[in-house]
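Note sheet for the following structure.
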Amino acid sequence: MLKVGLTGGIGAGKSEVSRLLVEHGAVLIDADRIAREVVAPGTPGLAAVVAAFGEDVLAEDGGLDRPKLGSIVFADPDRLAVLNSIVHPLVGARSRELESAAAEDAVVVHDVPLLAENALAPLYDLVVVVDASPETQLDRLVRLRGMTEQDARARMAAQATREKRLEIADVVVDNDVPLEELRRRVQEVWRDLVRRARASRTSQE
């Protein structure tokens, strides 16, 4: 098994890269998706979030009002740290469960938005960073996700710097490119990951 950490700044196109890797055969463990699961209605995770932030972060249906919570934590690093201290251990435990269920020869891609921020690189055999310029990130967030420029800049500022992400990268996918070029680059990365997985398995036999 090859354990890959995949990360990138908001708006860099990490989700598209993870989708393309799955098309090639990767086993995807999506930290964002798991983060939503562990704070679903009725979970201990949601109860802990409400205890920390109050019932104002609940939507009418009893679920988490993610935009409301986001508006609180992304403007306040201390509040963001509180939320992370609740959610991250739950996400880690569930991720380990999913990884243990993968085949021995699998390329397991952990899609982890805050990999750099939480110094998680040592957990993986290698780290793939999806990189885009801040100008590209901002354009995508405003144009494609409908954020205001102020909100987009706040989300970007709450994450690690571009330089910090690149420091931990074993492989960099430059995504200041059209989709077709990105597809070609991801295919090259996939071939490299498969080679590494085979080499790792051979060395262990």
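Taking the charge dipole of the chain about its Cα centre, with +1 at Lys and Arg Cβ atoms and -1 at Asp and Glu Cβ atoms, the residue from Ala197, Tyr124, Val39 reaching farthest to the positive side is Ala197. Restricting the calculation to Cα atoms, segment 1-93 yields a radius of gyration followed by a Dmax of 15.0, 43 Å.
Each residue was assigned an accessible area with a 1.4 Å probe, and for Met156 the value is about 40 Å².
If I compute solvent accessible area with a 1.4 Å probe over the protein chains, what percent of it on the chain is carbon and sulfur? Heavy-atom surface of the chain belonging to carbon and sulfur, 1.4 Å probe: 51 percent.
A Cβ-based charge dipole, computed about the Cα centre of segment 137-176 with Lys and Arg at +1 and Asp and Glu at -1, lands at about 220 debye.
Over the chain, with a Gaussian network built from C-alpha contacts below 10 Å, which listed residue (Ala106, Ala47, Ala121) shows the highest mean-square fluctuation? Residue with maximal mean-square fluctuation among Ala106, Ala47, Ala121: Ala47.
Among Arg79, Arg33, Arg198, Arg184, the sequence by solvent-accessible area, most first, with a 1.4 Å probe is Arg198, Arg33, Arg184, Arg79. From the alpha carbon centroid of segment 138-205 to that of segment 41-74 is 29 Å.
Mean residue ellipticity, 222 nm, helices only, the chain: the sum of -39500 (n - 2.57) across DSSP H runs of n ≥ 4, divided by residue count and rounded to 500, is -17000 deg cm²/dmol. Distance between the modelled labels on Glu104 and Arg33, one decimal in nanometres: 2.6 nm (7 Å Cα→Cβ projection). Other residues within the sphere of radius under 9 Å centred on the Cβ of Lys3, judged by their own Cβ, net out at -2 (K and R +1, D and E -1). Distant-in-sequence amide contacts of Asp111, defined by a placed amide H-H separation under 5 Å and a gap of 5 or more residues or a different chain, comprise Leu6, Ile29, Asp30, Ala31.
Listed by chain and number, the lysines whose C-alpha is less than 25 Å from the C-alpha of Lys3, apart from same-chain residues fewer than 8 away, are Lys14, Lys164. Summarising the overall dimensions of the chain from its C-alpha atoms, the Rg and Dmax are 17.7, 55 angstrom. Sites listed here are GluC sites (Glu not before Pro) in segment 1-83 whose DSSP assignment is loop and whose Cβ has at most 10 other Cβ atoms within 10 Å: Glu60.
Per-residue 3J(HN,Hα) values for segment 61-78, derived from phi via the Karplus relation 6.51 cos²θ - 1.76 cosθ + 1.60 with θ = phi - 60°, read 7, x, x, 6, 7, 4, x, 5, 5, x, 5, 7, 7, 6, 9, 9, x, 5 Hz in sequence order (x marks Gly and Pro).
For segment 96-135, the per residue solvent-accessible surface stands at 46 Å², with DNA, RNA and ligands left out and a 1.4 Å probe.
The values are calculated or read from the model by the stated rules, or taken from the named source; none is laboratory data. None of the values given here were measured: they were computed from a predicted structure. Backbone-built Cβ (ideal geometry, glycine too); neighbour counts: all protein chains shown. Note: areas computed on protein heavy atoms with side chains; ligands, DNA, RNA excluded. Shrake-Rupley method; radii C 1.70, N 1.55, O 1.52, S 1.80 Å.
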